[in-house]
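Below is one structure, written out as C-alpha cells; comments come after it.
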Amino acid sequence: MKITAADVIVTSPDRNFVTLKITTDEGITGLGDGTLNGRELAVASYLADHVVPLLIGRDPHRIEDTWQFLYRSAYWRRGPVTMAAIAAVDVALWDIKAKAAGMPLYQLLGGASRNGIMAYGHASGRDLPELFDSIRQHLEQGYRSIRVQTSVPGVNAVYGVAAQSTDGLRYDYEPARRAPLPAEEDWDTRAYLRHLPGVFEAVRNEFGPELPLLHDGHHRMTPIQAAKLGKELEPYDLFWLEDCTPAENQEALRLVRQHTTTPLAIGEVFNTVWDYQTLISEQLIDYVRSAVTHTGGITAMRKLLDYAAQYQIKSGIHGPTDISPVGMAAALHLDLAIHNFGIQEYMRHGAATNEVFRQSFTFTDGYLHPGEQPGLGVELDEEAAARFPYQQAYLPFSRLKDGTVHDW
Ligand code: EZ4
Ligand code: CO
C-alpha cells in the first residue's frame, strides 16, 4: 500500500479543529487530529508545508518507522506544534491499518481489557445552588464521575465555570473565545485556597461519599500552596487534584507529594515522555493527563502509559472539546486496550461538530465505548466541514490584582 495524498482540513463547526486525512492507493483513508487550541494554524502549516510532502509514496503500514522518521529527521525535537503534527499522522496511519485489517483499532492494540471506559464530566457553578444543579444535570446525562469547579468570592472570572461566560463569544463549555484578542481574567490564589475546601465539604454532604469527584487547579499554585490544598481536601476523598502547579519543574512535585495523600494528575500541556521522567520514576503523580493529540499519537502514548504502568500510575487522558472527535476516538481505543486505565475526560461536542465528524462511540451509564467499526470509527463530512471556515480564537489569560500576569 502507498500513501497517494494527505490533506489538512481546518474547520470551525463549534470551534477550530485541524484534521489530517491520508489517502492510499487502495482507496483506504485515515483521519488524524492535530488541533492545538488557540494555535491551530501553526500545526496546519507544519503539516501542509513540511510533513505532507514527506508522506507521499510511503507505506502507511510502517507506523513506527514513520513516527521515528518524523521525530528524528526534523532535528528540532518535542514541543506542542511538532508533537501534535506527528500525532495527526500517527493516528491517521493507525486508522488505515485497522481499516485494512477490518477491525476496530482497539483490537490491534491488544483487544479490550474492560467492558467500558469510565468518563468524567465538567460540573461548575458560580455558587453552591448553581453547582449542585450542574452536578445533578451531569448525573442525569449519565455521568458517574464529576469534576467540580466554582467561582471564588472576589474573583470575577475563574477557569472552568461555564455560567460566568455571558459575552456570547465563547465556545460552549470551553474557555477559548472567538475574538481577535484573548479575554483577560483575574486571579487570587489565597482567596481560592480559603474557598475551595468548603465547596467540597458541601458537595460531599449533598451527594454522599461514593461519587468520584475531581478538581483542576490549572497550574496556579506554588508547590507549598498546592501541598496545603491537597492536605485540606483529604477529608473529601478526591479522585484527583489536577495540575496543582505549573509542572515544567517536575522536582516541585516532591514537595507537594511529601505533604498530601490526595491523588495527583498532571500533563495535559506536556507532549513527550521526557516531560514525565521524574514525575513517573519517583512516583510523584497518580495519573497521566496527556492527550493522544498533543503527545505524538497512539504510538507515543502507548509507550508513555506502559512506562507509567511500571509505577502503578494510571491513565487520565485529556478529553476537552478542543480534542476533535478523531482525537477522542483515538483516546477511547487506547483506553479500552491498556491495562492501567484510570479515567477518561469527556466533554460533549456541539451539534455542528457532530455533523462534521460522524462518530460510532457510545456513552451508557457512565461508560464510553469506541464501537466496533473498522478503524477509529469516525468519518469526516468534508462538505459540512467546508461550511465552517476557521475563526480566530484565543484562550484567556490571567492577571493578579496588581496587574501581574499569572498562569492561566
Ligand atoms: O483548559 O483544553 O482539564 N481540562 C482542561 C481544559 C483546558 C483546555 C485548554 O485548551 O484543563 O479545559
Ligand atoms: Co485540565
Dividing the helical contributions, -39500 (n - 2.57) per DSSP H run of n ≥ 4, by the residues of the chain yields a 222 nm value, nearest 500 deg cm²/dmol, of -10000 deg cm²/dmol
Working note, region 360-408: Cα radius of gyration (Å, one decimal) and Dmax (Å, whole number) are 19.9, 55
With all protein chains in place and a 1.4 Å probe, Y276 shows an accessible area in Å² (nearest 10) of 0
Counting only protein heavy atoms with a 1.4 Å probe and every protein chain in place, the carbon and sulfur fraction of the accessible surface of region 3-104 in whole percent equals 55
P(r) over all Cα-Cα pairs of region 3-104, 5 Å bins from 0 to the longest distance, whole percent per bin, short to long, reads 3, 14, 26, 25, 18, 10, 4, 0
From the Cα centre of region 344-408 to that of region 1-28, the distance in Å is 17
Expected sort for 207-220, 262-275 on mean C-beta neighbours within 10 Å, highest first, is 262-275, 207-220
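Need the full-extension length gain, R144 to L395, defined as separation in residues times 0.36 nm minus the C-alpha distance. One decimal, nm. Please list the in-between numbers first.
Values: separation 251, 0.36 × 251 = 90.36 nm, distance 2.85 nm.
Here the answer is 87.5 nm.
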Looking only at lysines whose Cα falls under 29 Å of K231's and that sit 8 or more positions away or on another chain, we get K314, K401
Any residue on another chain or 5+ positions along whose placed amide H is under 5 Å from the amide H of Y120 is listed here as Q344, E345, Y346
For region 108-372, the accessible surface attributable to carbon and sulfur atoms (probe 1.4 angstrom, ligands and nucleic acids excluded) amounts in percent to 49
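Once whole DSSP H runs in the chain are found, which of them have Cα atoms spread over 24 Å or more along the helix axis and a mean Kyte-Doolittle score of at least -0.5?
Working: long enough: 80-101 (31 Å, 1.08); 189-207 (27 Å, -0.32).
Qualifying helices, which must be both long enough and hydrophobic enough, are 80-101, 189-207.
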Taking alpha-carbon centroids only, region 42-62 lies from region 124-148 a number of Å equal to 42
Region 314-331 scanned against label point 7 Å out from H339 along Cα→C-beta; backbone N under 18 Å for 314-316
Residue-ordered couplings for region 24-40, obtained by feeding phi - 60° into the Karplus form 6.51 cos²θ - 1.76 cosθ + 1.60 and rounding to whole Hz (Gly and Pro as x), are 10, 5, 9, x, 7, 10, x, 10, x, 9, x, 6, 10, 3, x, 9, 4
Computed from the beta carbon distance with a Förster radius of 56 Å, FRET efficiency for E383 and V405 to the nearest 0.05 stands at 0.85
Taking the convex hull of the alpha-carbon atoms of the chain and averaging its shadow over every direction gives an area in square nanometres of 18.5
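Over the chain, average the accessible area per residue using a 1.4 Å probe and give it in Å², no decimals.
Averaged over the residues of the chain, the accessible area is 40 Å².
Once Rh is set to the Kirkwood radius over Cα pairs, what Stokes-Einstein translational diffusion coefficient, in µm²/s, holds for region 205-249 at a temperature of 10 °C and a viscosity of 1.306 mPa s? Walk me through the numbers on the way to the answer.
Numbers: Rh = 11.3 Å.
The estimated diffusion coefficient comes to 141 µm²/s.
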Shape descriptors of region 284-408 over alpha-carbon atoms, Rg and Dmax in angstrom, are 17.0, 55
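The values are calculated or read from the model by the stated rules, or taken from the named source; none is laboratory data. Computed from a predicted structure; not experimentally measured. Heads up, the Cβs are rebuilt from the backbone with ideal geometry, glycines too, and the neighbour counts pull from every protein chain shown. Ligands, DNA and RNA are stripped out before the accessible areas are found, and what is left, the full protein with its side chains, is counted by its heavy atoms. Shrake-Rupley method; radii C 1.70, N 1.55, O 1.52, S 1.80 Å.
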